[in-house]
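Some notes on the structure that comes next.
The values are calculated or read from the model by the stated rules, or taken from the named source; none is laboratory data. The shown structure was predicted, so the numbers you read here are calculated from the model rather than taken from an experiment. So basically every Cβ, Gly included, is an ideal-geometry build from the backbone, and we count neighbours across all protein chains shown. When the accessible area is computed, the model is the full protein with side chains, heavy atoms only, and any ligands, DNA or RNA have been set aside. Shrake-Rupley method; radii C 1.70, N 1.55, O 1.52, S 1.80 Å.
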Amino acid sequence: MLHPEHGARPAYSDYAAWFDGQQLAGLRRKAEEADAVFRRTGITFNVYGANEAEERLIPFDIVPRIINAKEWSRLSRGIEQRVKAINAFLHDIYHRQEIVRAGRIPEALIAKNSAFLPAMIGFTPPGGTYTHIVGIDLVRTGPDEFYVLEDNARTPSGVSYMLENRETMMNMFPELFSAIRVREVSSYPKNLRRSLEACAPAGCDGKPVLGVLTPGIFNSAYFEHAFLADQMGAELVEGHDLRIIDGRVAMRTTQGFKPIDILYRRVDDDFLDPMTFRPESQLGVPGIMDLYRAGKVTIANAPGTGIADDKAIYSYMPDIVEFYTGEKPLLANVPTWRCAEPDSLKYVLDHLKELVVKEVHGSGGYGMLVGPAASKAEIDAFSKKLKARPGNYIAQPTLALSTVPVLTKSGLAPRHVDLRPFVLYSPNGIEITPGGLTRVALKKGSLVVNSSQGGGTKDSWVLED
Amino acid sequence: MALTRSSGSDEEWRSVILTAGLRDGYENKFDDYDAAHVVNYLLRDKANPTSVLAMLETARHNARMTRTALTREVWEATNIFWMRLKDALARPIRETDLPGIIAMIRQQSAQVRGALHGSMLRIDVYNFARLGTFLERADSTARILDVKYYVLLPSLSFVGSSLDNVQWETILRSVSAEHAFRWLNAGDTRPVGVAEFLILDERFPRSLAFCYKKLFGNLLYLEKDYAVRFPAHDLAQEIHDGLQSRSIDAIFESGLHEFLTDFMTCNARLAAEIERNYRFYG
């Protein structure tokens, strides 16, 4: 579809046939219906820095993003390789640090990294699993050409949108799903539960009790926390519901405190344990790190995994993949300039107009510069920040991102997208839900897909073979 | 609001504010009982923390917090209710819109009730939700009756007069009981009959006796489920038995107002006891 020079992409041919039989007005009405469904369901997010606790909808585009079976199978091999390497890397840097000894990455990058948690040194998490859930952000630049933009190894979010987008699409266009065989995504919560259970603490006999730890109702992803707890049949808890009793993490219930075996936490490392990290944190559980290290509770993802998705580490990912798997990376990294290196800094400063500059520890599209879209004043201001703290930034070229069609007022139009497949890792192996979350930059020509910056989402289809 | 159907007097609007226990807050803001002031204060005024809108916001907030304890049906019914109400109450309410808004509120709360009834597992969560319903409902019925007895009556000489009967009838209407009562009593609206119906008739779902029969059952469930009997169970039993053993003549003899005040105190004590026994606040 929408490739005038090539005709419809093969993956889209069945959908395009269906689409040609539709009226624009009818589709626009469906799009409004979808919004009403999301509102009713409460699939909203809170915007940081907004005046009041305002709930907004993430715009949803009703045209699915479609990936064919062959493309997906290549992608998933690459993802699997990368996630294996990330786990091996985490185990290594919290133990013998072979990769540093081998001179493949500089020691300072680990030792001086705020995402590196000394509390994790010498400790192996239950099941040997660090990143129970990973969200790998990919962009496509051409047929079968994908780049990894980011590895989200802390608490990747968005999976509820993957599930609800599909649910909504199936409700609105049941005929499409009869005509086209799309791989299902709905078993994600069940798989997540099973995968987490496989990492239960050693002393846990019987069915492990699973809790989802949320920062609370005002967090931007609260809907997702509640949604996942609900779908997994887990307890949804906040820090103040938890206490340490008789050497176990226990949650407050109407029958007193009950022990929890596995905590799927959606709070950052810093807030997890005020006794180990931020003393003022109200979100975590005082003393939980001691219990964790004593093997009494599983925390998913493990504390300290942030070091693996740090943007400065990112530039070393090809080396990391090769070092631990002994294979060439199947997925490409975006070429990255580390501004901490003087030559790179000079290059970046000279080419700001062409580059995307990101904060090393930032996330969510905050604090970044998109050179081609920035004004001269913005570039000048950014260049000052860059010179003041070069080590805080990396820079990447703007890729010639491929586009997919979205429905606009006047019909289909091309927009840039990325793709975040969700990957589960446990002693049972690696499970990748076919598809993932497609985020789309709804403004014409824009490259920023983050929901906090006006991006939307789409249902992502992987076709059956 | 049906309480005031019979006349538009300020005195009746005042009684509505009194029933809701909002006199101090209201009089801080207004020095009259103008219909528009009262209606807006009760439904949407930000200065009133127990306005219908504020309560629904709290209810929805609580539903979001305990989203995993609710079915999707209950959550959506609550969320839709909130969305509709927020729209309907976005601007000050004109008298002409009031009946429509009230009808919508009643309909939407019936939706939430229906979703609870039709979709929730009959486990502790459901029984706690029902406890809340019946504690609040018993309190409301008792308040409405009490206001009638204590506030609406200009003087005792009106007891048994026709004005009095009209007002008793409006009470029935305010708890959606006029049809049920008429059906059971062939249209005979004498004060004693109405009071008996609202206090002691277990067949009427808003009577005190009905509420306590249910509260008793919900607490019994929890007692069995958790295998623990708490002081709340004894207290509920005591109130329940008290309603069972009392006749309406005995209640009127010792004073309806005293009876109702005593009931509301016990009801509030039970609510506090349940909170304590089941550790609602840590």
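The table below gives the values:
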| quantity | calculated |
| --- | --- |
| Karplus-derived HN-Hα couplings along the range A:307-315 (A = 6.51, B = -1.76, C = 1.60, θ = phi - 60°), whole Hz, x at Gly and Pro | 4, 7, 10, 4, 5, 6, 5, 3, 5 |
| Those GluC sites (Glu not before Pro) in the range B:160-256 that DSSP places in a loop and that have at most 16 other beta carbons within 10 Å | B:Glu202 |
| GNM top mover of B:Ile80, B:Ile199, B:Ile17 - chain B, alpha-carbon springs below 10 Å | B:Ile80 |
| B:Phe252-B:Arg143 FRET efficiency (beta carbon distance; Förster radius 22 Å; 0.05 resolution) | 0.75 |
| Computed FRET value (nearest 0.05) for A:Lys190 with B:Cys266, which takes r as the C-beta separation and R₀ as 60 Å | 0.80 |
| P(r) tail fraction, the range A:124-272 - alpha-carbon pairs more than 21 Å apart, % | 54 |
| Cα convex hull volume per residue for the range A:268-318 (Å³) | 88 |
| Other-chain or far-sequence residues with amide H under 5 Å of A:Thr438's (modelled H) | A:Arg420, A:Lys458, A:Ser460 |
| Over the range A:49-152, relative contact order from alpha-carbon pairs under 8 Å, at least 6 apart, % | 20 |
| Cut-off of 10 Å, at most 16 other beta carbons, DSSP loop: longest stretch of chain A lacking such trypsin sites (Lys or Arg not before Pro) | A:184-408 |
| Those lysines that a straight Cα-Cα span of less than 28 Å connects to A:Lys112, excepting residues fewer than 8 apart in one chain | A:Lys84, A:Lys311, A:Lys346, A:Lys358, A:Lys384, A:Lys385, A:Lys387 |
| With eigenvalues of the C-alpha gyration tensor scaled by 5 and rooted, the range A:147-232, Å | 28, 18, 15 |
| Peptide-level mean, for A:28-40, of C-beta atoms on other protein chains within 10 Å | 1 |
| Kyte-Doolittle mean at least -1.0, axial Cα span of 30 Å or more - DSSP H helices of chain B | B:98-119, B:124-147, B:256-277 |
| Those chymotrypsin sites (Phe, Trp or Tyr not before Pro) in the range A:196-291 that DSSP places in a loop and that have at most 15 other beta carbons within 10 Å | A:Phe218 |
| Mean Cα-pair separation over length for the range B:1-119, i.e. relative contact order, pairs under 8 Å, 6 or more apart, % | 20 |
| Separation of alpha-carbon centers, the range A:274-304 and the range A:330-409, rounded to whole Å | 34 |
| Semi-axis lengths, Å, the protein assembly as shown, gyration tensor of Cα atoms, sqrt of 5 times eigenvalues | 58, 31, 24 |
| Translational D in µm²/s for chain B (Stokes-Einstein at 20 °C, 1.002 mPa s, Kirkwood Rh from C-alpha pairs) | 106 |
| Sequence-distant residues sharing a close amide H with A:Leu149 (under 5 Å, placed H) | A:Asp137, A:Leu138, A:Val139 |
| Under 5 Å, built H, 5+ apart or other chain: amide partners of A:His95 | A:Gly122 |
| Square roots of five times the Cα gyration tensor eigenvalues for the range A:287-404, Å | 32, 19, 14 |
| Solvent-accessible heavy-atom area per residue, rounded to whole Å², over chain A at 1.4 Å | 42 |
| A:Arg29 versus B:Phe280: modelled label distance in nm, points set 7 Å from Cα along the beta carbon direction | 4.7 |
| Sulfur and carbon atoms: percent of accessible area, the protein assembly as shown [1.4 Å] | 51 |
| Where B meets A: accessible area buried, both sides, 1.4 Å probe, Å² | 1900 |
| Trypsin sites (Lys or Arg not before Pro) restricted to the range B:97-143 and DSSP loop, no more than 16 other C-beta within 10 Å | B:Arg122 |
| Radius 13 Å from Cβ of A:Gln23, net charge of other residues (Lys, Arg +1; Asp, Glu -1) | +2 |
| Compactness relative to 2.2 N^0.38 Å, alpha carbon Rg of the range B:17-128 | 1.19 |
| FRET efficiency, 1/(1 + (r/R0)^6) with R0 56 Å, evaluated for B:Arg113 and A:Arg77 via beta carbons | 0.60 |
| Per-residue [θ]222 nm for chain A (sum of -39500 (n - 2.57) over DSSP H runs n ≥ 4, rounded to 500) | -9000 deg cm²/dmol |
| Percentage relative contact order, the range A:293-387, counting C-alpha pairs under 8 Å, at least six apart | 18 |
